[in-house]
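Asker: Below: one structure in structure tokens.
The values are calculated or read from the model by the stated rules, or taken from the named source; none is laboratory data. Please read all numbers here as calculations on a predicted model, not as lab measurements. Every residue, glycine as well, gets a Cβ built from its backbone with ideal geometry; the counts of neighbours run over all protein chains shown. Surface accessibility is based on the protein's heavy atoms, side chains included, excluding ligands, DNA and RNA. Shrake-Rupley method; radii C 1.70, N 1.55, O 1.52, S 1.80 Å.
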Amino acid sequence: MFNVLKLDHIGIAVKDMEVAKRFYTETLGMKAQGEEIVEQQKVKVCFIPSGDSEIELLESTSPEGPIAKFIEKNGEGIQHIAFRVDNIENALADLKAKGVRLIDEVPRYGAGGASIAFIHPKATGGILLELSQRS
């Protein structure tokens, strides 16, 4: 068993990190908390806290990266919704046992040192869901 603890973040695919970041920081008055490149996912991320959740801006670092492909197909916008879980390994085992289609059957490294895994949009009514466990 596992528990969903909260909405962790909403991932937003952007073409230009600086332009997107300025909207949230200058226009909305929010505070960005650093940037990180996650080489395995070919993405640069920037987290912008909002209450006890965050906005995660995602800019591709490669034309072949998943974010670049998402933007090419769908344009900029919400790419995924992430839920914080208490035990990602248990969550994946439980979902797999229930026959839920997974993109990741084992956790991988995510931004901010999180362990992450994705549930396939075909299992969720068209929404890419990320499970995230942070230390």
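Asker: In square angstrom, what is the accessible area per residue of region 25-121 with a 1.4 angstrom probe?
Answerer: Working: 5280 Å² over 97 residues.
Accessible area per residue: 54 Å².
Asker: Rounded to a whole number, what % of the accessible area of region 45-112 do carbon and sulfur atoms account for, probe 1.4 Å?
Answerer: Heavy-atom surface of region 45-112 belonging to carbon and sulfur, 1.4 Å probe: 50 percent.
Asker: Relative contact order (percent) for the chain, with alpha-carbon contacts under 8 angstrom and 6 or more residues of separation?
Answerer: 26
Asker: If you fit an axis through the alpha-carbon atoms of helix 88-97 and take the longest principal axis of the Cα set of the chain, what angle between them do you get, 0 to 90°, nearest 10?
Answerer: 60
Asker: Further, regarding this structure: Run lengths n ≥ 4 of DSSP H only: what is the helix-derived mean residue ellipticity at 222 nm for the chain, with -39500 (n - 2.57) per run over all residues, to the nearest 500?
Answerer: Numbers: 3 runs with 25 residues, N = 135.
Mean residue ellipticity, 222 nm, calculated: -5000 deg cm²/dmol.
Asker: Which of G51, G77, G99 moves the most in a Gaussian network model of the chain with Cα springs under 10 Å?
Answerer: G51
Asker: For region 53-135, run through the trypsin sites (Lys or Arg not before Pro) and keep only the ones in DSSP coil with at most 16 other Cβ atoms within 10 Å of their Cβ.
Answerer: K98, R101, R134
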